[in-house]
Amino acid sequence: MEKVIVITGGSRGIGAATALLAASQGYRVCINYRSDDAAAGDVLQQVRALGVQAIAVRADVSREDGVFRLFSQVDAELGRVTALVNNAATNGPRARLDEMSEQRLLGLMTTNVVGPMLCAKHAVGRMSRRHGGQGGVIVNVSSIAARLGSADEYIDYAASKGAIDSFTIGLAKEVAGEGIRVNAVRPGMIFTDFHALCGEPGRVTRKEGAVPMGRGGQPDEIAQAIMWLVSDQASYTTGALLDVGGGL
Ligand code: NAP
């Protein structure tokens, strides 16, 4: 059976590093992204240069019509999905709860919580032995923020990742008997453009002194953990929340 991996938010940062690592391991790769065609095209070219089949699909995974189109295109062009990495997420400008609008809260929860649940729903429909599938693996990208709470910065984001942790634990139990493993990786502070969303592109450099290992992490250090959980080496691991944060 061909190995087919769908990586949401695969055009930049941790998702792009995961796409490249998966390609180097022989996976057919679907790079999903929301709007940055140039970044997706660049990663697609690098992935294809590693000799695997790959596609880039522009789709907002916080909407089910986008998720439906994403998986339909994967079916048609790469084959049935065997691994899903729920990596796409967003954040808002640094703020206290009493400064957060309803629109911000709804938008963030839709992208960070509903989106991964919708993607998992459509992946399970294809992977589950209950639905005639041959099993598979789901890795949710959470955050150490789920444990720390991110007071005075973005507790909405931290809470969305707390929801991802609960979702990981519950779904893992729900589909464990159907050939699907579900785990989460919880990155600490990683050098990507994500921090610009909070209005502080240099956040990791400013705060890395607080990391017990004394430095921020690189996207590939998260990709390695994700792909270990995807691999058969993790064949007895499900419902796990793997912290990769330099000791945070
Ligand atoms: P990033 O560099 O900002 O990349 C985000 C990716 O997600 C981009 O490819 C973006 O596509 C895509 N995306 C965003 N919203 C989307 C949507 N609705 N539909 C489809 N794609 C969407 O982020 P990152 O730092 O690599 O973060 C990846 C994951 O790690 C996230 O879940 C984040 O919460 C988590 N994380 C990051 C850190 C960190 O320090 N960086 C720490 C802990 C956890 P476009 O560019 O086209 O919009």
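See the values below:
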{"read-out": "Choice from 40, 19, 76 showing the highest fluctuation, given a GNM over the chain with Cα pairs closer than 10 Å", "value": "76"}
{"read-out": "Listed residues 31, 155, 14, most fluctuating in the chain (Gaussian network, C-alpha, under 10 Å)", "value": "155"}
{"read-out": "Cα-based helix-to-principal-axis angle, 219-230 vs the chain, degrees rounded to 10", "value": "40"}
{"read-out": "Table column - 3J(HN,Hα) (Hz), the stretch 76-91, Karplus curve with 6.51, -1.76, 1.60, x for Gly and Pro", "value": "6, 10, 10, x, 5, 5, 10, 9, 10, 10, 7, 10, 5, 6, 9, 8"}
{"read-out": "MRE, 222 nm, helices only [DSSP H, n ≥ 4, -39500 (n - 2.57), over the chain, to nearest 500]", "value": "-12500 deg cm²/dmol"}
{"read-out": "Accessible-area ranking of 161, 173, 3, largest first, probe 1.4 Å", "value": "173, 3, 161"}
{"read-out": "13 Å reach of a label modelled at residue 210, 7 Å along Cα-to-Cβ, counting backbone N of the stretch 154-171", "value": "154-155"}
{"read-out": "Degrees separating the helix 155-175 axis from the principal Cα axis of the chain, which is the longest one", "value": "30"}
{"read-out": "Peptide ranges 181-189, 196-204, 53-61, 96-104 listed from the most packed, as the mean C-beta count within 10 angstrom indicates", "value": "181-189, 53-61, 196-204, 96-104"}
{"read-out": "Cα shape, the stretch 1-112, gyration tensor, a/c 1.5 rule", "value": "prolate"}
{"read-out": "Nearest 10 degrees, 0 to 90: helix 13-24 Cα axis against the chain principal axis", "value": "30"}
{"read-out": "Spin-label pair residue 134/residue 197, simplified geometry with 7 Å Cα→Cβ offset, distance in nm", "value": "3.5"}
{"read-out": "Out-of-range pairs (alpha-carbon distance over 27 Å; input 121/207; 3/207; 3/121)", "value": "121/207; 3/207"}
{"read-out": "Whole-Å distance, taken between Cα centres, linking the stretch 18-86 and the stretch 113-137", "value": "16"}
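The values are calculated or read from the model by the stated rules, or taken from the named source; none is laboratory data. Predicted model, so just to flag it, every value in this text is computed and none were measured. FYI the Cβ positions are ideal-geometry reconstructions off the backbone, even for glycines, and counts take in every protein chain you see. For accessibility, only protein heavy atoms count, side chains too; no ligands or nucleic acids. Shrake-Rupley method; radii C 1.70, N 1.55, O 1.52, S 1.80 Å.
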